[in-house]
Amino acid sequence: EHPEHILESRFVDRYKPLDVNQKDIDKVKKAAIESGQLAPLELTADVSSPKSRWCVIGWRDPQIHQIERSAPTPSSNAIYTVLQLASSRRWTSFVKDVKTAFLQSRPTDRKTPLACSQPRDEPLPGLDPRQLLVLLTEIYGLVSGPAWWRSTFLQRTTKLGYKICPFEPCVLMLPGTEPTSATRGALVVEVDDVVECGDDRHRECVSELEKTIKFGKSINVQETETMYAGRSLKQLPDYSFELHMEQYVYTRLSPIVLSRKVLKKDAASVVLNESEQTQLRGAIAALSWVSRECRPDAAAASSVLASSFPDPTVETVYQANDVIRHLKQHPVKLRIHAIPEADVRNILIADSAFDTSGKERSQHGFLLGFTDKTLNAGHSAPVSLMMQRTDEEILELQGRATVIAAESPSYVDPRSIVVIDAKSLYDHLLGDQPGECGRCNLEVAVIKESMTLCCGRVRWVPHNLNPGDSLTKFPGAHVEPMIRLLRTHRFKISDEAETLAQGKQGAQRLKQGLGTDFSGNFYFSGAVSTCMHSRNFPE
């Protein structure tokens, strides 16, 4: 009666990649750091597992425009925020994946069910090749599969008391028994992969969930490092976390190889051919992924390099290769500190850069994270980065990057600290004297009110000490503050009056010694030689 509801099916065969031996990664890392060998790891053994999955050709679904087709995935800052909660409350965390998740979904509610024919090349065992299979649920290949599985998972977790976080639909929270009591646990759901943490009550709920959902793996990340959403995750004995993407950087990231020789003096005028542009697109996509997840020191480069299209030159390739060299020769790991919950404070480090070259590459960027109350007191404080962004800015350059910056002298221990290097804005926010521009006065009033609502305080640092400087400039950034922050996982703000008393900042940089790296980025030759070549930093 409904021939359009009969879909084709196929077997999809693939080799599922397994984790690469850490000794092999360490070997290629050492070669990159000591010898400058940037080629990705050559695998001498098969690190894959054969896998075959029966799938339906779902794009032919006759109801494709009527059914729910999308399922959200968690943002990186949502994952890091839950990990911060786990470390602050000293919860052991687990990474789980659901075995054949879509096949565990609840029965379909389609009025006219779908059916599918058997694969043409290999019929299912025990069945006549002419037989059809009625689909009782949304299986692999159907565009509705992820959304249907999500609704199934939410239905089962809701029965156990979990509630969807109103700010992040992929985070499920287990509330306390009383309205004012603390959260008991959390789940971060990325389709069929789950990160979960919580107290004894949460553990009981997870045990009940495992009776209705079959999980393929369950890894205690305090005991074993594992991969989640493209990054390696390990919980340390003090309940803090380390995250990195070394496996991706050293096995997948490789420099662009040109088929011709071009002198550096001519590089800016030689346009790439189609093959070279394809390589560059792949490299920029890889840099964007790495910088967004775990390497903010490459964020500005990935953003600026992407703006080189539609006519990138050989100079762009040289710059991209320099960034790849930097990532391979200077490995870092993000740290989420076990800061006591009562001491947790928010920190925002913002910066903007106007492009004076005429190439319309103005940028704004920010680092968002958690710290403790010692930062505002002028001490070296731990910083857990949870989000970093670099974007091209077209209008209102200064406004977007510093829109929540303000000062409130009444807050000795502010809940939020905003770090900027715009001295004129800092002075305007401190004083009551209105400026000549009516629009600026209006924006400053909004800024002050916003900071009052979030109990925040603005702090000023010179741009050569601002980690956000490397988020907005490439080349020409001060990379030393960012490298120091990523390597030590700590940040310190000096008193503004003391900094100003030192005199002109340019003179201070000359006293310390000014140098440039291979990308033209400025750094302090004395301090950064330690930052670039050692993991031990003074606090």
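The values are calculated or read from the model by the stated rules, or taken from the named source; none is laboratory data. Here the structure is a predicted model, which is why all the values come from computation and not from measurement. A quick note on method: Cβ atoms are made from the backbone with ideal geometry, for glycine too, and the neighbour counts reach across all protein chains shown.
Between Ile67, Ile57, Ile79, Ile33, the distinction of being among the β-branched types (Val, Ile, Thr) and over 27 Å from Glu190 (Cα atoms) belongs to Ile33 only.
Do we find that Thr108 is assigned to a loop (DSSP other than H, G, I, E, B), hydroxyl-bearing (Ser, Thr, Tyr) and more than 30 Å from His337 (Cα to Cα) in this structure? Give the steps one after another, and end with the answer.
On the way: assigned to a loop (DSSP other than H, G, I, E, B): yes; hydroxyl-bearing (Ser, Thr, Tyr): yes; more than 30 Å from His337 (Cα to Cα): yes.
Yes: the conditions hold for Thr108.
Among the residues in region 234-241, are any under 26 Å from Lys30 (Cβ atoms), over 17 Å from the mean Cα position of the chain (by Cα) and surrounded by fewer than 16 Cβ atoms within 10 Å (Cβ to Cβ)? Yes, the conditions are met somewhere in region 234-241.
Here's the yes/no breakdown for (1) modelled with pLDDT under 90; (2) in the same structural domain as Pro237 (by TED's automatic domain parsing); (3) surrounded by fewer than 18 Cβ atoms within 10 Å (Cβ to Cβ):
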residue: Ala300; (1), (2), (3): yes, no, no
residue: Val304; (1), (2), (3): yes, no, no
residue: Ile324; (1), (2), (3): no, no, no
residue: Phe354; (1), (2), (3): yes, no, yes
residue: Glu360; (1), (2), (3): yes, no, yes
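Any residue at all in region 211-220 that is under 20 Å from Pro74 (Cβ atoms), in contact (Cβ under 8 Å) with a residue 40 or more places away in the chain and either touching a Cys at 6+ places or on another chain (Cβ under 6 Å) or among the hydroxyl-bearing types (Ser, Thr, Tyr) (or both)? Yes, that holds for at least one residue. Reported count of residues in region 223-276, each being within 20 Å of Tyr80 (Cα to Cα), out of contact with any His (no Cβ under 9 Å at 6 or more places or on another chain) and among the aromatic types (Phe, Trp, Tyr), is 3. For region 224-246, a tally of residues being closer than 22 Å to Val98 by Cβ and in contact with a helix residue (DSSP H, G or I) (Cβ under 9 Å, 6 or more places away or on another chain) returns 9.
Wholly within region 186-236, which strands (runs of 3 or more DSSP E) include no fewer than the required count, namely at least 2 residues that are small (Gly, Ala, Ser)? Talk me through it step by step, then tell me what you get.
Details: elements: 193-198, 215-220, 226-228, 231-235.
It comes to 215-220.
Would you be able to say whether some residue in region 90-100 is in contact with a helix residue (DSSP H, G or I) (Cβ under 9 Å, 6 or more places away or on another chain) and in a loop (DSSP other than H, G, I, E, B)?
yes
Checking each residue of region 82-104 against the condition of being assigned by TED's automatic domain parsing to the domain that holds Leu187 and in contact with a Pro (Cβ under 6 Å, 6 or more places away or on another chain) gives no match. Annotation: of all residues in region 8-43 being at pLDDT 85 or above and among the hydroxyl-bearing types (Ser, Thr, Tyr), the one that is nearest to Val56 (Cα to Cα) is Ser9.
Scanning region 24-70 for residues that are surrounded by 10 or more Cβ atoms within 10 Å (Cβ to Cβ), in a loop (DSSP other than H, G, I, E, B) and free of Cβ contacts under 8 Å to residues at least 12 places away in the same chain yields Gln37, Gln66. When region 242-284 is limited to residues that are among the aliphatic types (A, V, I, L, M) and within 18 Å of the chain's Cα centre (by Cα), the one that is farthest from Leu305 (Cα to Cα) turns out to be Leu243.
Let's see how each residue does on (1) assigned by TED's automatic domain parsing to the domain that holds Ala186; (2) among the acidic types (Asp, Glu); (3) closer than 21 Å to Val189 by Cβ; (4) at pLDDT 90 or above:
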position: Leu132; (1), (2), (3), (4): yes, no, no, yes
position: Glu138; (1), (2), (3), (4): yes, yes, yes, no
position: Trp148; (1), (2), (3), (4): yes, no, yes, yes
position: Lys159; (1), (2), (3), (4): yes, no, yes, yes
position: Ile164; (1), (2), (3), (4): yes, no, yes, yes
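Ala267: in a helix (DSSP H, G or I), surrounded by fewer than 20 Cβ atoms within 10 Å (Cβ to Cβ), among the hydrophobic types (A, V, I, L, M, F, W, C) and at pLDDT 90 or above, yes or no? No.
Residue check: Val12 meets all listed conditions (1) among the β-branched types (Val, Ile, Thr); (2) farther than 30 Å from Gly141 by Cβ; (3) in a strand (DSSP E or B) but one, namely (2). Number of residues in region 237-264 that are acidic (Asp, Glu) and outside any loop (DSSP other than H, G, I, E, B) equals 2.
Run down Val249, Val221, Val262 and say which single residue is of a type in the set (A, V, I, L, M, F, W, C) and over 30 Å from Lys96 (Cα atoms). Don't jump to the end; show me each part of the working.
Values: Val249 fails: over 30 Å from Lys96 (Cα atoms); Val221 fails: over 30 Å from Lys96 (Cα atoms).
The match here is Val262.
Of note, Val143 satisfies the criterion of being closer than 21 Å to Thr100 by Cβ, more than 23 Å from the chain's Cα centre (by Cα), in a loop (DSSP other than H, G, I, E, B) and not charged (D, E, K, R).
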